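Since every read-out is calculated from the coordinates, none of them should be taken as a lab result. Just so we're clear, the structure is a prediction, and the values are computed from it rather than from any experiment. FYI the Cβ positions are ideal-geometry reconstructions off the backbone, even for glycines, and counts take in every protein chain you see.
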Amino acid sequence: MRNNSSLLDEPAGIDSLIASRLLALRQAKALSLAELAELSGVSKAMISKVERAESSPTAVLLGRLAAGLGVPLAQLLTQDKGSPDRLRTRAEQEVWRDPEAGYLRRQIVERGASGGVEMVEIELPRSAQVGYPRWSGKPYRQCLWMLEGMLRVDYGDERFELGPGDCLDFGVDRPLVFKALGRTGCRYLLVASPA
């Protein structure tokens, strides 16, 4: 696994961004804390803590919130920037690390307002596992390309084990679990597009 010196070293900065994005998305959908709690399976108290940047959410928690809001996870982790630049250098790509599992997410390309493709590089440490519920919003497809290590993907009741070079196509219409296998972590590219 590579050492990423450009990681966000300020958890407060990313927590503040997540807080503002979560609140803005919840308000844009005219959802109360109770309604989002019911849709996401996350308690009102925890949602409130995240919206006040008093808690560093995990990937699983963010996945539940994104699923409850019916938006891609990237919308909770990135700022609205208008039209994308042609060149997006590595230094400009947002990086987020799950405070609990150590899961690392680099937003290579954001999905535009009109849909389009989203690209995310993921690194899972050895034995790390991240699960997401079925998305309740507009469905989209994902294509996962393994770069390093071994990964198990549970897509509903189907199970896949992937190694370097393997590619898996799946949706967000079923619960998902990603687990790093083997003696090292793994790294993969995830490309999401409209269904």
Under the Karplus relation 6.51 cos²θ - 1.76 cosθ + 1.60, θ = phi - 60°, what is the ordered set of whole-Hz ³J(HN,Hα) values for the stretch 124-137, x standing for Gly and Pro? 10, x, 3, 6, 5, 9, 9, x, 10, x, 4, 6, 9, x
Counting Lys and Arg as +1 and Asp and Glu as -1 over every other residue whose Cβ sits under 14 Å from the Cβ of Gly41, the net charge comes to +1
Shape of the chain, Cα gyration tensor, a/c cut at 1.5: rounded
Among the aspartates and glutamates, select those whose C-alpha is under 15 Å from the C-alpha of Lys49, and discard any that sit fewer than 8 residues away in the same chain. Asp15
When all C-alpha to C-alpha distances in the stretch 11-77 are sorted into bins of 10 Å, what percent of pairs does each bin hold, rounded to whole numbers? 24, 65, 11
Kirkwood hydrodynamic radius of the stretch 90-194, Cα pairs, Å: 14.1 Å
Once every DSSP H run of n ≥ 4 in the chain is given -39500 (n - 2.57) and the sum is divided by its residues, what mean residue ellipticity at 222 nm do you get, rounded to the nearest 500 deg cm²/dmol? -7500 deg cm²/dmol
Amide H contacts of Arg141 (H built 1.01 Å from N, under 5 Å, at least 5 apart or other chain): Ser193, Ala195
Shape of the stretch 153-195, Cα gyration tensor, a/c cut at 1.5: oblate
If amide H atoms are built 1.01 Å from N in the plane of the peptide, which residues on other chains or at least 5 residues away come under 5 Å of the amide H of Met150? Leu181
